[in-house]
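Encoded as structure tokens, the structure appears first; notes follow it.
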Amino acid sequence: MRTPAPAGHTPPLRAPGTPGVRGAVARRPLTAFFALAYALSWVAWIPYLLSGDGLDVLPFTFPSLLGTSQLLGVLPGAYLGPVTAAFAVTALVEGGAGLRAWRGRLLRFRVGWRWYAGVALVVPVSILATTFVLPAAWEEVRAPGAVLLLAYVPMLAVQVVTTALAEEPGWRDFALPRLQDRLGAVTGTVLLGLLWGGWHLPLFLTSWGGWPGTTWVQPVLFIASCVPLSLVMTWVFNRTGQSVPLVMLLHAGVNSTYTLLWPAVFPRLDGDVDTLVVQLVATTAATAVLLVLTRGRLGAPAPRSGHRAPVTAPAGR
């Protein structure tokens, strides 16, 4: 696959000695981003958490849209958190130049078509194939029909403009370049994966997470699987010249596969737990291969002269 042209450098931060809120954010931009993303989303999710779709404290449920209450219950908080936090912190710390760089990664569509085709195909195939590590998967397997396969494309589009667009401008567009620059590709991504997974925790007390049948197993498996999935995303991000649309496509492909294809192909499996086991196994295997092939760099450039190269330099293997 062809690697796109090098991306621009991250704009310099405002002077950390600036007084007031701007100075505090400039001194700890990543801390400010994660705190704001968590706070905005978690506060926005309180009505859904307390409704009949969650803890059933309040006497109402959220209306169903496209067969689920999650679009109206979860999506507003998802959009409000990471995107708003990324925009606000970037504007305060880096100004117009930072916002242009942030927008540039978000609109970096000009990547070789093989990347789009590869991500769109490899994600569902790898998930479905990995499911066979579960003994119960062999008990009943159904081939997806033509109608189901055709429905996958609009489902993928819906997931891109909902879940992926709500999250990735924050996690991968804002946080990932900064964490890579500070901690390196692997360590920075592991931290990002843990924080990304933890952001979802309140949702396990709602129908999103299988409530009221949720146990401690689901959130633990979910957060654990977010780490290797993030490492795969980092490799795609680096190898495509920091293309956020490609990462969004990967994210949407995972969600679309588990929402549409997986339950139809494996009707006897548990969608609340087995999906998480499959996700952890599939992404861990993919991460192991990528770490070996890239010698632990995940597509980030090798350090030169004892210094870490800028994360926005062209990606190498």
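What follows is calculated from the coordinates using simple rules that are stated; it is not laboratory data. Since we're looking at a predicted model, the values are computed, not measured. Methodologically, a virtual Cβ is constructed for each residue, glycine included, from the backbone with ideal geometry; neighbour enumeration extends over all protein chains shown.
Key figures for this structure:
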| quantity | calculated |
| --- | --- |
| Relative contact order, percent, the chain [alpha-carbon distance under 8 Å, six or more residues apart] | 25 percent |
| Ranked by how many other beta carbons lie within 10 Å on average, peptides 156-164, 46-54 from highest | 46-54, 156-164 |
| Loop GluC sites (Glu not before Pro), segment 132-230 (other Cβ atoms within 10 Å of the site Cβ: 16 or fewer; DSSP) | 139, 140 |
| Residue 143/residue 183 FRET efficiency (R0 45 Å; Cβ-Cβ; nearest 0.05) | 0.50 |
| Karplus-derived HN-Hα couplings along segment 194-200 (A = 6.51, B = -1.76, C = 1.60, θ = phi - 60°), whole Hz, x at Gly and Pro | 5, 6, 5, x, x, 4, 7 |
| Packing-based order for 195-201, 209-215, using average beta carbon neighbours within 10 Å, highest first | 195-201, 209-215 |
| Inter-label distance, nm, simple model (7 Å from Cα along the C-beta direction), residue 129/residue 75 | 3.3 nm |
| Segment 135-195-segment 38-56 distance, computed between alpha-carbon centres (Å) | 23 Å |
